[in-house]
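Asks: After the structure tokens below, expect a handful of questions from me.
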Amino acid sequence: MKPERILTPQELFLKKQRKKKLQIRAARVFLLIAFLALWEISAALGWIDSFIFSSPSRVVETFWTMCLGQQLLVHIGITLAETLISFFLVILFGIGFAVLLWLCPRFSAVMEPYLVVLNSLPKSAMAPLLIVWLGANMRTIVVAGMSVAIFGSIISLYSGFQEVDPDAVKLIYTLGGKKKDTLFKVILPSSVPFLLSTFKVNIGLCLVGVVIGEFIGARSGLGYLIIYGSQVFQLNMVIMCILVLCIIATLLYVAVSVLEKQYLKRH
Amino acid sequence: MEPLLELKNISLSYHTMEGETPALTDINFSIGEGEFVALVGPSGCGKSTILNLISGLLQPEQGEILIKGEPLSHSLVNIGYMLQRDHLFEWRTVFSNILLGLEIQHGVTREKKEKAEEMMRTYGLEDFKNARPSQLSGGMRQRAALIRTLVLEPALVLLDEPFSALDYQTRLLVSDDIGKIIRREGKTALLVTHDISEAISMADRVLVLTKRPAHIQAELPLTFAMEDRTPMACRNAPEFKTYFNQIWKELNQNET
């Protein structure tokens, strides 16, 4: 038997921390498995009506058959594309408008109450109007996606710009700079970490908006599939779509966080 | 000889909804070429306001500021300004931080770059050219900030309590360091501080300001009987105590 070495306090601390982390991770996995198992068992034993509540095996089966028919992949692709397009447009317009507000404080003072109202307005209320105005096409869905994220982005980006240390701005002026120099040399570069964390939230919001849009005015996409499935009582399909949305939302979030981590590591 | 900088009857008030706060009343002083002047006064007396006026960030309500006999707004002379904190940007390397002012003034040329490199070499920053500011010590950061100011070849350097963010020990070392560099480069400088000993150790002349609304209470030329004057050596000079007491008395005269 190997003689047991006495651990130093530091090693003990690390061991304890690692154990804690492992326990948390194990509990998470267990929770997921337990949930799926309970769901499957209660459907199999007839505790719940599997026609309404479906079951993991039925969801997987539906997923598989719809994948083979390739229609599911097309729907996923469309939802994903619409989400990414509206996300990039939100970045573009969000930064653009926030810069405009920053450049012109009087304009921002005028706009402030409108932005607050537009931001707190439930955007789903706007979706039927958008369909009428813009037609039942992809453009409408993209606008619906943007509408959920854009106002919040503008407000938080603008307040981020305002939080930049006024002394750092003063430095630019003392070096002979103008407002343009403050924007490009201080405000924008110092806001990058903040921009990234704002967008981490917004990519999920774009997905929400896109699905709302698809509910009402689309012939394709996961939102359409959910509505279609519920109308023909194909609840396996509905639940499967919701789970796919869960996965997409997670992946998008992770993608932006990876970008964020990469950036923070380099700087 | 014509002074480099002249302030004539400068007055300024701050305006808020609550009312008017007079900050400066009838400030008059001038600084000669190559002189190092310190402004001391109680906190919040408007010392920094004077620097903001000289650098053109603020306009006086009354009076005028002349640089080499010309009104400030017509002058093409560069005025360097060192703030309380160095504000080196973390997303730039040390070298590109030093070039920031040149970049803004569209003056990045090969010669200027070489000059910046040479100054980095002279002042011990050459190994940190491509480092990030966070890798520098507090003293090195202030030195880098000073070089950033000096590569613009300012005729006048304004120092707004540039050491107040440092701990006491670093503060002594850095003020010694910065004082030496400014003398070595033969720059004219105006230092604002509330630290009497810092003022005495660095300046040729001390101006004492009163509480708000500030005006100049006293002017005190400092002479030290030593060959090679450095801030650190001044602190140990026999004259130091006398000057300290004199300034202390002036500052407290309007206290009671």
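The values are calculated or read from the model by the stated rules, or taken from the named source; none is laboratory data. What you are looking at is a predicted structure, and each value in this text was computed from that prediction instead of being measured. With ideal geometry, Cβ positions are generated from the backbone for all residues, glycine too; neighbour counts draw on all protein chains shown.
Asks: Just to be sure, is residue B:33 in a strand (DSSP E or B), more than 14 Å from chain A (Cβ to nearest Cβ) and among the acidic types (Asp, Glu)? Steps first, answer last, please.
Replies: Details: in a strand (DSSP E or B): no; more than 14 Å from chain A (Cβ to nearest Cβ): yes; among the acidic types (Asp, Glu): yes.
In short, no.
Asks: Conditions: (1) over 30 Å from residue A:241 (Cβ atoms); (2) in contact with an Asp or Glu (Cβ under 7 Å, 6 or more places away or on another chain); (3) polar (S, T, N, Q). Residue A:10 meets all but one. Number of the miss?
Replies: (2)
Asks: Something else: From the list A:189, A:193, which residue is at pLDDT 90 or above, on the phi < 0 side of the Ramachandran plot and within 11 Å of chain B (Cβ to nearest Cβ)? Write out each step before concluding.
Replies: Working: A:193 fails: at pLDDT 90 or above.
None of the other options fit; the residue is A:189.
Asks: Which members of the stretch B:36-48 meet the condition of being crowded, with 21+ Cβ neighbours inside 10 Å and not basic (Lys, Arg)?
Replies: Residues of the stretch B:36-48 that are crowded, with 21+ Cβ neighbours inside 10 Å, as a first pass: B:36-41, B:45-47.
Answer for the stretch B:36-48, where residues must be crowded, with 21+ Cβ neighbours inside 10 Å and not basic (Lys, Arg): B:36, B:37, B:38, B:39, B:40, B:41, B:45, B:46.
Asks: Quickly run through the stretch B:212-256 and pick out the residues that are assigned to a helix (DSSP H, G or I), touching a residue at least 12 places away in the same chain (Cβ under 8 Å) and of a type in the set (Lys, Arg).
Replies: Scanning the stretch B:212-256 gives a single hit, B:235.
Asks: Select from the stretch B:56-100 the residues that are modelled with pLDDT of 90 or more, within 17 Å of residue B:150 (Cβ to Cβ) and among the polar types (S, T, N, Q) and list them in ascending order.
Replies: The answer is B:96, B:97.
Yes/no per residue for (1) within 11 Å of chain B (Cβ to nearest Cβ); (2) under 16 Å from residue A:108 (Cβ atoms):
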{"position": "A:148", "(1), (2)": "no, no"}
{"position": "A:160", "(1), (2)": "no, yes"}
{"position": "A:170", "(1), (2)": "yes, no"}
{"position": "A:174", "(1), (2)": "yes, no"}
{"position": "A:180", "(1), (2)": "yes, no"}
{"position": "A:209", "(1), (2)": "no, no"}
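Asks: Sticking with this one: If residue B:113 meets every condition in (1) within 14 Å of another protein chain (Cβ to nearest Cβ); (2) modelled with pLDDT of 90 or more apart from one, which number is that one?
Replies: (1) is the only condition that residue B:113 fails.
Conditions (1) within 13 Å of chain A (Cβ to nearest Cβ); (2) surrounded by fewer than 21 Cβ atoms within 10 Å (Cβ to Cβ); (3) touching a residue at least 24 places away in the same chain (Cβ under 8 Å); (4) in a helix (DSSP H, G or I), marked per residue:
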position: B:145; (1), (2), (3), (4): yes, no, yes, yes
position: B:153; (1), (2), (3), (4): yes, yes, yes, no
position: B:158; (1), (2), (3), (4): yes, no, yes, no
position: B:166; (1), (2), (3), (4): no, yes, yes, no
position: B:172; (1), (2), (3), (4): no, yes, yes, yes
position: B:176; (1), (2), (3), (4): no, yes, yes, yes
position: B:192; (1), (2), (3), (4): no, no, yes, no
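Asks: Taking residue B:126 as the residue in question, decide whether it is charged (D, E, K, R) and away from chain A (no Cβ under 14 Å).
Replies: Values: charged (D, E, K, R): yes; away from chain A (no Cβ under 14 Å): yes.
When the stated conditions are applied, residue B:126 passes them.
Asks: Mind checking which helices (runs of 4 or more DSSP H) fall wholly inside the stretch A:116-194 and carry at least 1 residues that are within 20 Å of the chain's Cα centre (by Cα)? Write out each step before concluding.
Replies: Numbers: elements: A:127-134, A:138-162, A:166-174, A:179-182.
In the stretch A:116-194, the matching helices (runs of 4 or more DSSP H) lie at A:127-134, A:138-162.
Asks: Checking the condition loosely packed, with under 14 Cβ neighbours inside 10 Å and away from chain A (no Cβ under 14 Å), which residue from B:25, B:16 passes? Explain how you work it out, then say what you get.
Replies: Working: B:25 fails: loosely packed, with under 14 Cβ neighbours inside 10 Å.
B:16 is the lone residue from the list that is loosely packed, with under 14 Cβ neighbours inside 10 Å and away from chain A (no Cβ under 14 Å).
Asks: So, one more: Within the stretch A:202-210, is even one residue aliphatic (A, V, I, L, M), in contact (Cβ under 8 Å) with a residue 40 or more places away in the chain and closer than 24 Å to residue A:64 by Cα?
Replies: At the first step, the residues of the stretch A:202-210 found to be aliphatic (A, V, I, L, M) are A:203, A:205, A:207-208, A:210.
When the remaining residues are screened for being in contact (Cβ under 8 Å) with a residue 40 or more places away in the chain, the result is A:203, A:205, A:207-208, A:210.
This time we only want the ones that are closer than 24 Å to residue A:64 by Cα, so: A:207.
Yes, there is a match, as at least one residue in the stretch A:202-210 is aliphatic (A, V, I, L, M), in contact (Cβ under 8 Å) with a residue 40 or more places away in the chain and closer than 24 Å to residue A:64 by Cα.
Asks: Quick check on the stretch B:207-222. Is at least one of its residues hydrophobic (A, V, I, L, M, F, W, C) and surrounded by fewer than 16 Cβ atoms within 10 Å (Cβ to Cβ)? Give the derivation first.
Replies: At the first step, the residues of the stretch B:207-222 found to be hydrophobic (A, V, I, L, M, F, W, C) are B:207-209, B:214, B:216, B:218, B:220, B:222.
With surrounded by fewer than 16 Cβ atoms within 10 Å (Cβ to Cβ) added as a condition, the list becomes none.
No, that holds for no residue.
Asks: Could you say which residue among B:82, B:120, B:140 is buried (at least 17 other Cβ atoms within 10 Å of the Cβ), within 11 Å of chain A (Cβ to nearest Cβ) and not basic (Lys, Arg)? Walk me through how you get there before you give the answer.
Replies: On the way: B:120 fails: within 11 Å of chain A (Cβ to nearest Cβ); B:140 fails: within 11 Å of chain A (Cβ to nearest Cβ).
Exactly one residue qualifies, and that residue is B:82.
Asks: Does the stretch A:1-38 hold any residues that are surrounded by 10 or more Cβ atoms within 10 Å (Cβ to Cβ) and either part of a loop (DSSP other than H, G, I, E, B) or in contact (Cβ under 8 Å) with a residue 24 or more places away in the chain (or both), and which are they?
Replies: A:7 - this is the single residue of the stretch A:1-38 that is surrounded by 10 or more Cβ atoms within 10 Å (Cβ to Cβ) and either part of a loop (DSSP other than H, G, I, E, B) or in contact (Cβ under 8 Å) with a residue 24 or more places away in the chain (or both).
Asks: Right, something else. Considering (1) more than 9 Å from chain A (Cβ to nearest Cβ); (2) farther than 26 Å from residue B:163 by Cβ; (3) not aromatic (Phe, Trp, Tyr), say which one residue B:77 fails and leave the rest.
Replies: Unmet for residue B:77, out of (1) more than 9 Å from chain A (Cβ to nearest Cβ); (2) farther than 26 Å from residue B:163 by Cβ; (3) not aromatic (Phe, Trp, Tyr): (2).
Asks: Restricting to the stretch A:93-115, and then to whatever is over 22 Å from residue A:178 (Cβ atoms) and surrounded by 12 or more Cβ atoms within 10 Å (Cβ to Cβ), can you tell me which residue is nearest to the chain's Cα centre (by Cα)?
Replies: Once the filter is applied, the top-ranked residue is A:94.
Asks: Would the stretch B:81-97 turn up any residue that is under 24 Å from residue B:48 (Cα atoms), assigned to a strand (DSSP E or B) and touching a residue at least 40 places away in the same chain (Cβ under 8 Å)?
Replies: yes
Asks: Residue B:66: surrounded by 15 or more Cβ atoms within 10 Å (Cβ to Cβ), within 18 Å of residue B:154 (Cβ to Cβ) and in contact (Cβ under 8 Å) with a residue 60 or more places away in the chain, yes or no? Before the answer, list the steps.
Replies: On the way: surrounded by 15 or more Cβ atoms within 10 Å (Cβ to Cβ): yes; within 18 Å of residue B:154 (Cβ to Cβ): yes; in contact (Cβ under 8 Å) with a residue 60 or more places away in the chain: yes.
Judged against the criteria, residue B:66 is a match.
Asks: Does at least one position in the stretch B:230-253 carry a residue that is under 14 Å from the mean Cα position of the chain (by Cα) and at negative phi?
Replies: The answer is no, given that none of the residues of the stretch B:230-253 is under 14 Å from the mean Cα position of the chain (by Cα) and at negative phi.
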